[in-house]
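Written out below as structure tokens is the structure these notes cover.
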Amino acid sequence: MIPVVRKRAAQVATALALLVPAVANGAPPQDRGASGAESVDEITLAIGETKTVSALNVKNFSEGSPGIIDVKLTTDNSHFVIAGRKPGSTTMLLIRNDGSQTTLTIHVFARSPAIVEKELTQLLEGLPGVRVRRVGSRIVLDGTVANEIEVKRVQHVASLYPNQVESLVTLPGGGGASSADSKYIVRIDFYFVQYDKNSSYGVGLGWPGSIGGDAVVKSQVSFDFVGGSRAATASITNQPIPRLDIASRKGWAKVLKQATVITNNGVEANFQNGGEQNFTVNTGLTVGVQRIQFGTDVTVLPRYNPTKREVEMKLVADVSDLTTSSGSTSLPGRTTSKLTTNITLKLGQSIVLSGIRTKSQAHSVDGVPGLSTIPVIGLLFGSHANTELQTEGAIFVVPSVVEAVPSQAAEMVASAIAKFQDYSGEIENVNAYDKAPGAQPRLVK
């Protein structure tokens, strides 16, 4: 047993002698840096912040872009003191006595990264899907949020720290709904309700606007000498004879349009319903065709959040109808109602997207100047006309994820439809929606 141990000890001693022959002979050990190896380090600074770097065994140094940092040596020449002066990036090359090199990549920011991280955590509170990470010299915001409003919020926060904070936050699935949420089918019901009432009258004597022109009195006399007969004719043109205006007109109208859009969660859908009328238009020696479109055009992009049970909707609605022609043209007019909005509703909620109530009144007098404006007796010297138009309308929207409309929303819409069916011209009794600013959606009695 003893010879074996001695043999193993002799082998270990021989190996050590082969590994460190220079040390055994008193020669200095070989320096690994003699091959000129190069290392790279990274330093992050805020403006006014300082850091120290060892200057031992440094023979020379060189600064990349001057002005971004300020480099000084301590009194004992043992350390470099590096201070940030202005935002930017630069390098500093250190050349050591043994020939090795070290490159320092230095980034200077307006704010300290540690302080920025703390501020970002506070600003993004309430967004659990967003992470704040330090990647090299930059701070990256990544993760997912529920809707576009939260994406814009994160982007705005990142813009407060230019060249220092980057936002990689997206919606689930990279912009649309995630695969788990895309299985939901969203149904959105729109209801367009409009009431109109008009009245007009014209009373008085309508006098001609001009007297004269061609001959006012025209006469003709003829004789037949052979037959012994004679004839005479006389006519009066442009005679100043007034007309009597005693017309009166009243009327009302009601319009109800319902549109239903069904689409997958996060997928844009478009609904169009209406028509197009063609009218001939004479332009000189040619005859053209003028096309006028009317109807309902709705584009909606729903995003359903199953966690909060909310539906965010970006929608554009355009409702138009043809009206009677006005003026000398034979083409009809067109009334339009346009809406572009972005709202968030919980399932079962119903809201008035837009409401309008207008009242217009026009009065005109056509007659003899001065005399036609005299009270009471002015009716003998002119025609007085009065026109009044009242309109009230509203657009309701009801989002749901199932086919059945929630009961509370159904009651609200049913009430609006009942009022529509009962409308018979008394627009003063119509209260299609609550007109108080900031009113909560509720069932209008």
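The values are calculated or read from the model by the stated rules, or taken from the named source; none is laboratory data. A quick note: this is a predicted structure, and the numbers were derived from the prediction, not measured. As a convention, Cβ positions derive from the backbone with ideal geometry for all residues, glycine included, and neighbour counts pool all protein chains shown.
In table form, for the structure just shown:
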{"quantity": "Any hit, region 137-152, residues being small (G, A, S), in contact (Cβ under 8 Å) with a residue 12 or more places away in the chain, surrounded by fewer than 16 Cβ atoms within 10 Å (Cβ to Cβ) and in contact with a strand residue (DSSP E or B) (Cβ under 6 Å, 6 or more places away or on another chain)", "calculated": "no"}
{"quantity": "Filter result for the condition that a residue is touching a helix residue (DSSP H, G or I) at 6+ places or on another chain (Cβ under 7 Å), surrounded by 11 or more Cβ atoms within 10 Å (Cβ to Cβ), at pLDDT below 80 and closer than 30 Å to A317 by Cβ, over G348, G378, G355, G382", "calculated": "G348"}
{"quantity": "Residue in region 124-131 that is in contact with a Phe, Trp or Tyr (Cβ under 7 Å, 6 or more places away or on another chain), among the charged types (D, E, K, R) and not in a helix (DSSP H, G or I) present", "calculated": "no"}
{"quantity": "Every residue from region 60-114 that is β-branched (V, I, T) and under 29 Å from P162 (Cβ atoms)", "calculated": "I68, I69, V71, V81, I82, T90, T91, T103, T105, I106, V108"}
{"quantity": "Region 64-89, subset at pLDDT below 90 and assigned to a strand (DSSP E or B), residue farthest from T103 (Cα to Cα)", "calculated": "G88"}
{"quantity": "Test: residue in region 122-129 that is of a type outside the set (A, V, I, L, M, F, W, C) and in contact with a Ser or Thr (Cβ under 6 Å, 6 or more places away or on another chain)", "calculated": "yes"}
{"quantity": "Checklist (1) in a loop (DSSP other than H, G, I, E, B); (2) surrounded by 14 or more Cβ atoms within 10 Å (Cβ to Cβ) applied to L94, failing item", "calculated": "(1)"}
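A quick yes/no check of all residues on (1) more than 30 Å from H156 (Cβ to Cβ); (2) buried (at least 16 other Cβ atoms within 10 Å of the Cβ):
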| position | (1), (2) |
| --- | --- |
| V53 | yes, yes |
| N57 | yes, no |
| D76 | yes, no |
| F80 | yes, yes |
| A83 | yes, no |
| D98 | yes, no |
| L104 | yes, yes |
| L124 | no, yes |
